[in-house]
1. Any idea of the total accessible area buried by the B-A contact, 1.4 Å probe, rounded to 100 Å²?
2. Partner chain Cβ atoms within 10 Å, averaged over the residues of B:109-116 - can you pull that number for me?
3. Tell me, what is the FRET efficiency for A:GLU176 and B:GLN260 to the nearest 0.05, using R0 = 51 angstrom and their Cβ-Cβ distance as r?
4. How far, in degrees from 0 to 90, does helix A:313-332 lean away from the longest principal axis of the Cα atoms of chain A, to the nearest 10?
5. Using alpha-carbon positions, what is the distance between the centroids of segment B:81-125 and segment B:54-70, in Å?
6. In Å², what does the accessible area per residue of chain B work out to with a 1.4 Å probe?
7. If you put +1 on each Lys and Arg Cβ and -1 on each Asp and Glu Cβ, how big is the dipole of chain B around its Cα centre, in Debye rounded to 20?
8. Take every DSSP beta bridge whose two residues both sit in chain B, then give the antiparallel share in percent to the nearest 5.
Amino acid sequence: MAKIIDIIQRESCFQPGSTLCAGCMESIAFQNIGKITDNGKKTIFGLGTFCGEVSTLQFPNPVAWGRGESTPEDWTKSFGILHHVFESAPTITEAIRDTVDVLSSVGAIKSDIQTISMSGDGGALAIGLRSLLHTINRQARIVSFVLVNEVFANTGFQYSPSASLGSDTSTTPATELHPGNMQPPLDYLGLAVNAGAGLVAQVSPAFPKYFLKVVETALECKGTAVIFIPSPCITGWKFADGETVELARLSCETGFFPCFLKKKGQPAEIKFVERDAAKRPPVEHFMGPQQRFQHLVRKNKETGQFEVRPGKEAVVEEIRTWIQTKLDALYRMA
Amino acid sequence: MNHPPIIETTAGALYPEAIDLDLVRKAHVPFAEESKIIEADGNTAAAYACLQMWRCMLFAGFPITPSTKWLETVAAVIRSGKVGTKKKLKLLEAEHAVADYLAGASAACRDLIFTTATSSVGLDHMTESTRSLGGSGLGNAMLVNVYRATANYPLCIEGDPSDALAHRDDGWIQFCCRGVQQIYDTVIQLPCLGMHPEVMTPTMPGYYGIKDSHRSSRLVLEADADVNTFQDRWIAPAKLPGLINGDTALGNCVTSQYFQGFKVDQRRRILRAFDLLSVIGADFEKTFGRPGLECIEKIRWPENEEAVDLAIVGMGPDMGTAAALADQWETSIHKRIGVLAARLIHPFPSHEYARILKDAKAILVLNQAHHSGPGHLSVDLAEACYDLQDPPKIISAFAGMGGAALTAETWQVMIDYATHAMKVPTRRVSPIVVHEGKIIWQKS
Ligand SMILES: Cc1ncc(C[n+]2csc(CCOP(=O)(O)OP(=O)(O)O)c2C)c(N)n1
Ligand code: SF4
C-alpha cells in the first residue's frame with residue numbers, strides 16, 4: 001500500500017483542460033484516481049457518456065487525459081482512453097481486459113495493464129444496469145467507478161434511479177403537490193454485492209486516506225471491483241462555492257452515502273458513519289446547504305441552524321427511515 | 001520496457017513493439033492443414049472462415065435465429081480444442097453488449113479481428129453501437145449479418161434483407177453473398193478491405209437467413225496457411241495506435257464546428273473501398289481460383305458487355321433462379337435479358353451500375369425488404385441512372401419478403417409486368433407486390 005505522501009507527489013493522468021464545473025467532485029475524484037493509478041503500470045480507461053466524459057474528451061480542446069509532463073519514452077505512463085455509448089463503460093472495459101488477457105496468454109504482451117471503467121450513476125444504474133451487473137457476474141477483472149451525483153447531470157439534472165428521497169430534480173420537480181422524488185433509490189450496493197463483485201465500495205475523496213486504500217485494493221482485485229463515488233454536483237445540487245468536499249463528508253456522516261467496503265466472502269466495513277441515528281449529524285446538515293432540498297429544509301434566520309420546514313416533517317421522517325433502513329442493511333453485511 | 005521504440009502519429013504515440021504479433025500468429029492452431037472439400041451450410045462456412053484467421057482470437061455473440069449456428073459452430077470448434085486453447089468466445093447478455101464489446105476490443109488492438117454474427121432485431125438492438133463503430137475507424141470489427149426480416153409485428157424468422165438495408169447508414173461496408181462458397185470467400189476477404197489504412201471501416205458480410213444460412217452445399221475449405229498468407233499480404237500492422245499499443249483517445253466528443261469534417265473523412269475512407277475491393281478481389285481470384293470481391297455479380301450478362309433490353313437486379317440466392325429461368329423468358333418475350341446480383345450494398349456502387357446499365361431499356365428490380373417507397377434497390381438504381389442520357393425505365397417489384405419463396409410463377413408475373421411496362425410510354429411504373437404467382441398489391 002503506497003503512502004499518501006508518495007501518492008500526492010505522483011503525476012495524474014487527469015490533466016488540466018477539462019470543462020467540468022469549478023467545484024465538481026468528479027474532477028477531484030479523477031485527479032485522485034489518476035495519481036493512484038500512476039503506479040508503474042499502463043492504464044486504459046473505458047468511459048460511457050456522462051459529465052466526466054463530455055467535459056474531458058472534447059475535440060479539439062486539449063484532451064484532459066494523458067501522460068502530463070512525461071514523454072512517451074516512459075511506457076509506464078502510457079495511457080489510453082475510449083469513450084463509447086452511454087451505457088457501455090463496463091462492457092467496453094471488459095473487452096479491453098479480455099484483449100489484454102488473450103494477448104498475454106500467448107506471450108504477445110509482457111507487462112500488465114490496468115483496465116478501468118467510468119460511468120455516471122445514470123449510465124451505470126439506469127440505462128446501463130444490464131451492462132454493469134453482467135460484467136460483475138462474469139467476474140471481469142476491471143475496476144468500475146460509478147460517479148454518483150443522483151441525477152442525469154449532463155442532460156440537465158433529471159431524475160436518476162439513485163436520486164435521494166425528497167430531491168428536487170428537473171423531472172421530479174418539487175411543487176405544492178409533490179415533495180420532489182419519492183421513488184426509493186435503487187439499492188446499488190446490494191445489487192453489486194449480490195451479483196458477485198470481487199469488491200464493492202462506496203467511498204469519497206473527502207476521506208483521502210480511505211479513498212486511497214480502497215482504490216489500491218480494488219486495483220489488486222481478481223474479479224470485478226465496483227467503486228461508487230458520491231459526487232456532489234455544484235450545479236445540479238445547487239450549493240455554494242467551496243462546499244463540495246464538506247458536503248461529500250456530510251453525505252457519509254449523515255448516512256446518505258455511507259462509506260462502505262466489502263470484499264467478496266468477507267464481512268463488510270462501514271466507515272465514518274454511526275449506525276445509531278442519535279450519534280449522527282442530523283440529515284438537515286447535509287440537506288440544508290443544497291437548494292434541491294430547500295422545499296424541505298430551511299435555515300432558521302434567528303438561530304442560523306437548518307431545520308425542517310413546517311408541514312414537511314413527514315417527508316423528512318421518511319428520508320430518515322430510508323437512511324436507517326439502508327444502514328441497517330449494510331451493517332447486516334458487516 | 002523503459003525506452004521502447006515509438007512512432008509519433010496524429011492520434012498519439014504508437015509503440016510498435018508493445019504487442020508481439022508474431023507470437024499471436026505462431027499461436028494459431030490451424031483448423032485445416034490442407035485445402036479440402038466439405039459440405040457446410042452458410043453459417044458454418046462463415047464461422048470456419050473466422051476461425052481460420054490467426055487474427056481472430058476473441059469472438060463474441062448472442063443467439064438469434066437464423067444466425068445462431070455461427071455462434072454454436074464457433075463455440076463447438078473452440079471447445080473441441082481443434083484450434084488450440086487460446087481462442088476465446090465471449091457470451092454476452094445482449095446484442096447491444098456484443099456490439100459494445102466489439103468496439104472495446106477493436107479499439108484495444110487494431111491488429112486483431114473481432115467478429116460476431118447476428119440477424120434482424122439483434123442488429124437493431126446493436127444500432128447505437130454499430131452506428132458509432134461505422135464512424136470509428138475500427139476496420140477490424142466484422143459482423144456477419146444473416147438476413148432476417150426486422151420488426152416483430154409480425155415476427156418472422158426467415159430471410160429477408162430488411163435488417164441489412166435498414167442499417168446502411170450505420171456506415172459499415174456491407175456485402176451480400178449468395179451460396180456457401182461465396183459466403184466463405186467474402187468473410188476471408190473483407191478484413192483486408194476494412195483494415196486497409198485508407199479505408200479503416202468495419203465490415204458486414206451478409207447472406208440470406210434460411211435460404212443460405214441453413215442450406216448445405218459443397219465448400220472448398222482452404223488451408224489456414226493459405227488464408228492467412230493471403231490476408232497477410234493485405235493487412236499490415238495498423239498505422240494508428242490502439243489502446244494497448246498506444247497513447248491515444250478514441251470516441252471524443254466534437255462540437256458542430258468539427259462534426260462535418262469527421263463525417264467527410266468517414267465518407268472518403270469508405271469510398272476508397274470501391275477501388276480497393278476489385279484489387280483485393282483480383283488477388284483472391286489469382287490465389288484461390290474463385291471470383292473475389294466485386295461490386296456487382298454479373299450472373300447472366302452478355303460476355304461482350306453488349307446491351308440488354310431488360311436487366312433484372314436483386315440480391316441473394318433467388319437471383320440464381322432468375323438467371324436459370326432467363327433463357328425461357330428471352331424466348332417468350334423476345335428481349336435480351338441480363339441478371340445482376342448486388343454484392344456491395346453499402347457504399348452503393350452507383351457508378352458501376354450506371355456503367356453496366358447505361359444501354360439497358362428497363363430494369364426489373366427485385367426488392368425483398370419492406371420499404372416505405374418503391375424499394376431500397378429501386379431508389380438507389382434510379383439515383384445511379386440519373387445522369388444517363390436515356391435512363392432505363394425502373395420497374396419495382398416486391399417479392400420474397402419475409403423469406404417467401406420466389407417460385408417460377410412469381411417470377412413469371414414480374415416478367416410479364418415488366419414486359420408490359422416496357423411497352424407503355426409512361427416513365428413512372430407503379431411498384432407491385434407479388435406472392436405465389438399473383439400480384440397482391442399495386443400502387444394505384
Ligand atoms: C441511449 C442514450 N440515451 C440518452 C442519452 C443522453 N444522455 C447523455 S448523458 C446522459 C445522462 C448521464 O447521466 P449520468 O450517467 O448520471 O452522468 P452525469 O451526466 O450525471 O455525469 C443522458 C441522459 C444518450 N447519450 N444515449
Ligand atoms: S453539472 Fe455537476 S456533475 Fe456535471 S460537471 Fe457540473 S458539477 Fe460536475
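The values are calculated or read from the model by the stated rules, or taken from the named source; none is laboratory data. Quantities reported herein were computed from a predicted structural model and do not represent experimental measurements. Backbone-built Cβ (ideal geometry, glycine too); neighbour counts: all protein chains shown. These accessible areas exclude ligands, DNA and RNA; they are computed on the full protein's heavy atoms, side chains included. Shrake-Rupley method; radii C 1.70, N 1.55, O 1.52, S 1.80 Å.
1. On the way: alone 19290 and 14560 Å², together 29950 Å².
That pair of chains buries around 3900 Å² in total.
2. Partner Cβ neighbours, averaged per residue: 2.
3. Details: r = 47 Å, r/R0 = 0.93.
FRET efficiency, A:GLU176 to B:GLN260: 0.60.
4. The helix A:313-332 is inclined about 40 degrees to chain A.
5. The distance from the Cα centre of segment B:81-125 to that of segment B:54-70 comes to 7 Å.
6. 39 Å²
7. In debye, rounded to 20, chain B gives about 320.
8. Counting only bridges with both partners in chain B, antiparallel ones make up about 35 percent.
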